[in-house]
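A.B. asks: The following block contains the structure, expressed as structure tokens.
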Amino acid sequence: MKNKLIIANWKSNPIKRNDGEKLLKNLVQTIKTNNKVIICPPTIFLSHFLNLFSPYFQFGVQNCYSKDKGPYTGEISPKMVQDIGCKYVIIGHSERRSLFNETDEDINLKLIEILNTTKITPILCIGESREERAQKKTYSIIKQQIKSDLKNVDKNKIKNIIIAYEPIWAIGTGIYAHEQEIVDAKNSIVKILCDIYGDIGRKIRIVYGGSVNAQNIESILKNADMNGVLVGGASLKPKEFSFIANFK
Ligand code: 13P
């Protein structure tokens, strides 16, 4: 099995920086792996964690804006993310789409800014809702998201993107997509990417997210042969996350 991407999305957790530091100290002791472990904590704690833990982990942010600087109160730009030493940014997470009304157009502008102005790797989240799956619309939803989110993205830069297939019904629910559902989604994504970009489409890394845990990691990484996982809840549990990160 090739080395995998193990991405932790801490979302808005923990409340105290000290608790995050303790978690990372624990992980430094317990994670021994050739997999690439990427931690995406709350942005406000990032500089502190980067100072202490950059020899052990890569770091990313959970969002950024589509402009490099200016009068955009509360926003951070891809260049700022790069400046503090982050190498990854999660874009278009379903929580941002649903809770903060982010549209495919917003996501597209962010991706273009990131790819045109920095060397940061965007992790683009896509996936269907429970109703869309029930109506057998998974393929058309994924296709529409990929087409709109990647509109006008330079073919030469496309290889640098990671796609996270995160079905909305699997996020934070304890219900995860089964092996065949993940393989089907992966094949659909590869086909859509190849239709747009040709063979480069096959080189784009695709990870799975949605109720990833110690029990299902083998089926996702080994059986479905995904390039990695995007882990929410389980990434805050040191024992469970170490098990996931150490998987080989
Ligand atoms: P859970 O692992 O808690 O389902 O969250 C998945 C997720 O949203 C990762 O980005």
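A.B. asks: Just to be sure, is ASN187 within 23 Å of GLN144 (Cα to Cα) and open to solvent by 70 Å² or more (accessible area, probe 1.4 Å)? I'd like the intermediate steps shown before the answer.
C.D. replies: Details: within 23 Å of GLN144 (Cα to Cα): yes; open to solvent by 70 Å² or more (accessible area, probe 1.4 Å): yes.
Judged against the criteria, ASN187 is a match.
A.B. asks: Cβ contacts < 8 Å: first residue touching a residue at least 40 places away in the same chain (Cβ under 8 Å) and assigned to a helix (DSSP H, G or I), restricted to the range 234-248; second residue among the β-branched types (Val, Ile, Thr) and open to solvent by 40 Å² or more (accessible area, probe 1.4 Å), any location; separation 6+ or different chain. Result?
C.D. replies: PRO238/THR30; LYS239/THR30; SER242/THR30; ALA245/THR33; ASN246/THR30; ASN246/THR33
A.B. asks: Within the range 124-158, take every residue that is within 17 Å of ASP106 (Cβ to Cβ) and aliphatic (A, V, I, L, M) and give me the one that is farthest from the chain's Cα centre (by Cα).
C.D. replies: VAL153
A.B. asks: Also, I was wondering about something else. Among the residues of the range 143-159, is there at least one that is closer than 19 Å to ILE7 by Cβ, away from the ligand (no atom under 16 Å from the Cβ), open to solvent by 10 Å² or more (accessible area, probe 1.4 Å) and modelled with pLDDT under 95?
C.D. replies: Within the range 143-159, one or more residues are closer than 19 Å to ILE7 by Cβ, away from the ligand (no atom under 16 Å from the Cβ), open to solvent by 10 Å² or more (accessible area, probe 1.4 Å) and modelled with pLDDT under 95.
A.B. asks: Under 6 Å between Cβ atoms, at least 6 apart or on separate chains: pull out the pairs that start in the range 113-126 with a residue that is closer than 17 Å to ILE142 by Cα and end on any residue that is assigned to a helix (DSSP H, G or I) and open to solvent by 10 Å² or more (accessible area, probe 1.4 Å).
C.D. replies: Partner pairs satisfying both residue conditions: ILE126/GLN145.
A.B. asks: Can you find a residue in the range 213-222 that is within 11 Å of the ligand (Cβ to nearest atom), crowded, with 20+ Cβ neighbours inside 10 Å and in contact (Cβ under 8 Å) with a residue 24 or more places away in the chain?
C.D. replies: Initial filter on the range 213-222 (within 11 Å of the ligand (Cβ to nearest atom)): 213, 216.
Subset that is crowded, with 20+ Cβ neighbours inside 10 Å: 216.
From the residues that got through so far, the ones that are in contact (Cβ under 8 Å) with a residue 24 or more places away in the chain too are 216.
The answer is yes; a qualifying residue exists.
A.B. asks: Then there is this: Determine, yes or no, whether SER235 is touching a helix residue (DSSP H, G or I) at 6+ places or on another chain (Cβ under 9 Å), under 15 Å from ALA8 (Cα atoms) and open to solvent by less than 10 Å² (accessible area, probe 1.4 Å).
C.D. replies: On the way: touching a helix residue (DSSP H, G or I) at 6+ places or on another chain (Cβ under 9 Å): yes; under 15 Å from ALA8 (Cα atoms): yes; open to solvent by less than 10 Å² (accessible area, probe 1.4 Å): yes.
Criteria met by SER235.
A.B. asks: Also: Any chance the range 187-208 includes a residue that's within 25 Å of TRP10 (Cα to Cα), touching a helix residue (DSSP H, G or I) at 6+ places or on another chain (Cβ under 7 Å), within 16 Å of the ligand (Cβ to nearest atom) and part of a helix (DSSP H, G or I)? Give the derivation first.
C.D. replies: We begin by selecting, within the range 187-208, every residue within 25 Å of TRP10 (Cα to Cα); these are 204-208.
Of the ones still in play, those that are also touching a helix residue (DSSP H, G or I) at 6+ places or on another chain (Cβ under 7 Å) are 204, 206, 208.
Filter again for within 16 Å of the ligand (Cβ to nearest atom), leaving 206, 208.
This time we only want the ones that are part of a helix (DSSP H, G or I), so: none.
Looking through the range 187-208, none of the residues is within 25 Å of TRP10 (Cα to Cα), touching a helix residue (DSSP H, G or I) at 6+ places or on another chain (Cβ under 7 Å), within 16 Å of the ligand (Cβ to nearest atom) and part of a helix (DSSP H, G or I).
A.B. asks: Could you list, in sequence order, the residues of the range 1-55 that are among the small types (Gly, Ala, Ser) and touching a helix residue (DSSP H, G or I) at 6+ places or on another chain (Cβ under 9 Å)? Can you show your working first?
C.D. replies: Looking only at the range 1-55, we keep the residues that are among the small types (Gly, Ala, Ser), and these are 8, 12, 20, 47, 54.
ALA8, GLY20 - these are the residues of the range 1-55 that are among the small types (Gly, Ala, Ser) and touching a helix residue (DSSP H, G or I) at 6+ places or on another chain (Cβ under 9 Å).
A.B. asks: Follow-up. Please indicate, with yes or no, whether at least one residue in the range 160-177 is assigned to a helix (DSSP H, G or I), open to solvent by 70 Å² or more (accessible area, probe 1.4 Å) and more than 16 Å from the ligand (Cβ to nearest atom).
C.D. replies: Keep residues of the range 160-177 that are assigned to a helix (DSSP H, G or I), which gives 160, 168-170.
From what is left, the residues that are open to solvent by 70 Å² or more (accessible area, probe 1.4 Å) are 168.
Keeping just the survivors that are more than 16 Å from the ligand (Cβ to nearest atom) gives none.
There is no residue in the range 160-177 that is assigned to a helix (DSSP H, G or I), open to solvent by 70 Å² or more (accessible area, probe 1.4 Å) and more than 16 Å from the ligand (Cβ to nearest atom).
The values are calculated or read from the model by the stated rules, or taken from the named source; none is laboratory data. Nothing here was measured: the structure is a model prediction, and the numbers come from that model. Methodologically, a virtual Cβ is constructed for each residue, glycine included, from the backbone with ideal geometry; neighbour enumeration extends over all protein chains shown. Ligands, DNA and RNA are stripped out before the accessible areas are found, and what is left, the full protein with its side chains, is counted by its heavy atoms. Shrake-Rupley method; radii C 1.70, N 1.55, O 1.52, S 1.80 Å.
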